[in-house]
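To start, the structure itself, in C-alpha cells.
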Amino acid sequence: IGATLAAQMLLSTDSSSSLPRRRSSPELKEDIRNGLEECIGNTPLILLKSLSEATGCEILAKAEFLEPGGSIKDRVALHILRTAEAAGQLAPHSGDKVYEGTVGSTGVSLAVLCRARGYLAHICMPSDQSIEKSSLLEKLGAEVSRVPPAPIVDQNQFVNRARNLAREHSNNPDIPGRGYFADQFENDGNWRAHYDSTGPEIFRQCGGRLDAFVAGAGTGGTISGVARYLKPRLPQLKVVLADPHGSGLYNRVKFGVMFASTEREGTRRRHQVDTIVEGIGINRVTHNFEIGRPLVEDAVRITDEEAMAMARFLVEKEGIFVGSSSAVNLVGAVRTALKLGPGHRVVTILCDSGTRHLSKFWKQAGNVGGAWDMTLDDVLDADSRHKG
Ligand code: PMP
C-alpha cells in the first residue's frame, strides 16, 4: 500500500500550470475545473414537471442561475473579454480597465471575471438602483459610478457615461493602461456568446428535438444568439419573445415599430421600463436584438402580477427560486405551450436566482404559503384577479 501511495503521490509537472500536480489513480479520470472560468456554461436543462403536467407539453428550462457569477451574463462577459484580448484591445495586469453601463447582472459577471483575468472594472449604473447592487460590485473590487437617472438619453445617461469614461481613460497619458468599453447592447460578442455556447448546449441537451424557444430580451443577446444557432438546424422552431409590459419590443416584433406599450411607461424614461421586472424589456432598438429579430416569430406580453404568481408557483411546486426575468420567461413558455397544444417541447431560460431580487420583485411577490394549492390558472389569471 505504501509503495502504491508513494507512486500516486509522485509529483509531476502539468504543462498548463507551474504548480506541481500529484499523479491521479489510473482507473479514475480527473474532473477538475481550471479556475472560475471553466465553471461557466454547461448548465443543466431541467424538466419542470409541474408546468409540463399542467400544459401537456414538456417545459424545459436552462438553469443559468447556477452560473458562478449568478446569471447567464457570465457567458457574455467571458466572451467579450476574450474577444477583446484576442484583438489586442486588452492585456491582463497592464492597468487596462473595463467600463460598462449596466443595471445588473452584466456588472457582476464583468466584476468577477475582470478580477480573475487581471483587469480593473468600472461599472456605471443609475442611482435609483438598489444599494445592494452597488455594494456587491464594490465588494468584488469594481469601481461604481451611480449616475442620476436621465429623463432623456444624453451624455449623462449611464451607458454613455461608461463609454465616455473609457474614452477619457484611453486619451489620458497620465492614467496607466487603456479604457475598454464592453458595450453589451451593441457588441457582437454578446449574441455570439449565446451562438457559441447557449444555443449548441440546448440543441445537444434536447437531442435536437424542440418546438419552441422562448426568452425575454434586455440587450437581445440571448434570444438572437440562440435563435441564430437553432433556426438553421430546426426550421420549424418557433422563437417567441417574452416581454414585460411597458417594453417596446413586443410592438417591434408584432408590428415592426418601436413604441411604448403602456401609458405608465410614457416618455418618463425612454430606455427603462416601468415594471418590477429587472433585466429584460427595453424601449430602444439595440444591435443585439435586431440581429436576431427576423427570426423571432411571435411575442407575448406579460404583466408583473403574472410574473410574481409564476415565481411563487415555481417555488411552491418545484422548490426553484428564480428572479423576475425567469418568471416572465416561464409565463411566456406556458402561453406558447398552450398555443402549440399538447405534445410539444418548449425551452426557456432561468436567467438568475431570486436572491438577486429580494428587495424589489420578491418583496412585492410575497412569501410562498405552506400548502401546495396553486394552479396554473392562478398564474394565468393573476392579472384579472389583481384588477379585481
Ligand atoms: N435576465 C436578467 C436578470 C438580465 O440581467 C438580463 C440581461 N440584461 C436578461 C435576463 C436578458 O438577457 P439579454 O441581455 O441577453 O437579452
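Cβ separations smaller than 7 Å between residues 6+ apart or across chains give the following pairs from the range 25-46 residues that are free of Cβ contacts under 8 Å to residues at least 40 places away in the same chain to residues that are loosely packed, with under 15 Cβ neighbours inside 10 Å and of a type in the set (Ser, Thr, Tyr): Glu30/Ser24. Taking every residue in the range 208-222 that is basic (Lys, Arg) and pairing it with any residue that is surrounded by fewer than 24 Cβ atoms within 10 Å (Cβ to Cβ) and at pLDDT 95 or above, at least 6 positions away or on another chain, the pairs with Cβ-Cβ distances below 9 Å are Arg209/Leu234; Arg209/Arg345.
Which of the residues belonging to the range 177-203 are small (Gly, Ala, Ser) and either free of Cβ contacts under 8 Å to residues at least 60 places away in the same chain or under 19 Å from Thr102 (Cα atoms) (or both)?
In the first step, residues of the range 177-203 are kept if they are small (Gly, Ala, Ser); the result is 177, 179, 182, 189, 193, 197, 199.
The answer is Gly179, Ala182, Gly189, Ala193, Gly199.
Which of the residues spanning the range 230-242 are in contact (Cβ under 8 Å) with a residue 60 or more places away in the chain and more than 19 Å from Asp196 (Cα to Cα)? Spell out how you get there, then give the answer.
Residues of the range 230-242 in contact (Cβ under 8 Å) with a residue 60 or more places away in the chain: 231, 238, 240-242.
Answer for the range 230-242, where residues must be in contact (Cβ under 8 Å) with a residue 60 or more places away in the chain and more than 19 Å from Asp196 (Cα to Cα): Lys238, Val240, Leu241, Ala242.
Considering (1) more than 23 Å from Pro176 (Cα to Cα); (2) hydrophobic (A, V, I, L, M, F, W, C); (3) under 22 Å from the mean Cα position of the chain (by Cα), the lone condition that Val147 does not fulfil carries the number (3).
Number of residues in the range 172-226 that are within 16 Å of the ligand (Cβ to nearest atom) and of a type in the set (A, V, I, L, M, F, W, C): the value is 11.
Could you list, in sequence order, all residues of the range 282-307 that are of a type outside the set (Gly, Ala, Ser), assigned to a helix (DSSP H, G or I) and crowded, with 23+ Cβ neighbours inside 10 Å? Asn288, Phe289, Asp304, Glu306, listed by residue number. Taking the criterion of being surrounded by 24 or more Cβ atoms within 10 Å (Cβ to Cβ) and out of contact with any strand residue (DSSP E or B) (no Cβ under 7 Å at 6 or more places or on another chain), the only residue of the range 113-132 that qualifies is Leu113. Taking the range 12-88 and the strands (runs of 3 or more DSSP E) fully enclosed by it, the elements with 2 or more residues that are surrounded by 18 or more Cβ atoms within 10 Å (Cβ to Cβ) are at 58-63. Residues of the range 332-388 that are exposed (fewer than 14 other Cβ atoms within 10 Å of the Cβ), part of a loop (DSSP other than H, G, I, E, B) and away from the ligand (no atom under 16 Å from the Cβ): Gly341, Pro342, Gly343, Gly366, Asn367, Gly369, Gly370, Ala371, Trp372, Asp373, Thr375, Gly388. Can you find a residue in the range 61-76 that is away from the ligand (no atom under 16 Å from the Cβ) and either aliphatic (A, V, I, L, M) or free of Cβ contacts under 8 Å to residues at least 40 places away in the same chain (or both)? No, the range 61-76 contains no residue that is away from the ligand (no atom under 16 Å from the Cβ) and either aliphatic (A, V, I, L, M) or free of Cβ contacts under 8 Å to residues at least 40 places away in the same chain (or both).
Screening Asp174 against (1) in contact (Cβ under 8 Å) with a residue 24 or more places away in the chain; (2) more than 20 Å from Glu278 (Cβ to Cβ) leaves a single unmet condition, (1).
Scanning the range 96-134 for residues that are in contact (Cβ under 8 Å) with a residue 60 or more places away in the chain, more than 16 Å from the ligand (Cβ to nearest atom) and part of a strand (DSSP E or B) turns up Lys97, Val98, Tyr99.
Residues in the range 307-354 that are hydrophobic (A, V, I, L, M, F, W, C) and either touching a His at 6+ places or on another chain (Cβ under 8 Å) or at pLDDT below 95 (or both): Ala337 alone.
Take the residues of the range 313-331 that are surrounded by 24 or more Cβ atoms within 10 Å (Cβ to Cβ) and outside any helix (DSSP H, G or I): which is farthest from the ligand (Cβ to nearest atom)? Don't jump to the end; show me each part of the working.
As a first pass, look at the range 313-331 and keep what is surrounded by 24 or more Cβ atoms within 10 Å (Cβ to Cβ): 313-314, 322-331.
Narrowing further to those that are outside any helix (DSSP H, G or I): 322-323.
Details: Val322: 10, Gly323: 5 Å.
Here the answer is Val322.
The values are calculated or read from the model by the stated rules, or taken from the named source; none is laboratory data. Just so we're clear, the structure is a prediction, and the values are computed from it rather than from any experiment. No Cβ is skipped: glycine too gets one built from the backbone with ideal geometry, and neighbour counts run over all protein chains shown.
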